[in-house]
Amino acid sequence: MSLSVPSWDELLDGAHESALHLEMRDTYGVAGEAAVLDRWRATGEADTDPQSAYWRPWVDLVRRTVARGVTVRRARIVSEPVSDYVRYEHTATVVNLAAGEEVRWLPRRRASDIALPGNDFWLIDGRLIRWNHFTGEGASAPGEISEDQAAARLCATAFDAVWARAIPHNEYKIQ
């Protein structure tokens, strides 16, 4: 059965207990980030204002999700030394934290013995998976929704293993 892919608002508004996000790429080429990433590369300045036009929709969504008692956690597996994209992402993570997300970083070398799904994902309430697909260049490709129980268990187990080893954002030093 194919499920339609909900918007980010629908996905997080539908969460009751938890929204877990695992990111495993060292670079993303998402069109919506191109301008802010180019600015950061050129000037070293990143938009870290949670109320800016760029960030506000995400911040508002996460804040209302967390206000309902939903835990929102994001874990990132990264190669070291990190890519320029991860350097930018690390700088901008203060916005995720301000919104109410918990964020941790795991050096890839410490993830070698963890069984990981083949794609980044969001896991909602331990049962609904939003697979994030990307092209080889890191551009967003159409996402996919699954309620497959075995895949949800894999995602939950992988996320828990990564989270247990990962370093809280405020303690992770970029290499």
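Some notes on this structure:
- Per residue of the chain, the DSSP helices (runs of n ≥ 4 H) give a summed -39500 (n - 2.57) that works out to -11000 deg cm²/dmol at 222 nm.
- Local net charge near TYR54, Cβ-Cβ under 11 Å (Lys/Arg +1, Asp/Glu -1): -1
- Prolate/oblate/rounded call for the stretch 102-175, Cα gyration tensor, a/c under 1.5 rounded: oblate
- Cβ charges +1 (Lys, Arg) and -1 (Asp, Glu), total dipole of the chain, debye: 460
- Computed lengthening from ASP125 to ASP47, 0.36 nm per intervening residue step minus Cα-Cα distance: 25.0 nm
- A Förster radius of 22 Å combined with the Cβ-Cβ distance from GLU102 to VAL30 puts the calculated FRET efficiency at roughly 0.50.
- Burial ranking of peptide ranges 33-42, 19-28 (average Cβ count within 10 Å, highest at the top): 19-28, 33-42
- Across the chain, the convex hull enclosing all Cα atoms gives 118 Å³ per residue.
- For the pair the stretch 24-74 and the stretch 103-141, the centres of their Cα atoms are 17 angstrom apart.
Bear in mind these aren't lab numbers, they're just calculated from the coordinates by the rules spelled out. Small disclaimer: the values here were computed from a predicted structure and weren't measured. All Cβ positions, glycine included, derive from the backbone under ideal geometry; neighbour counts span all protein chains shown.
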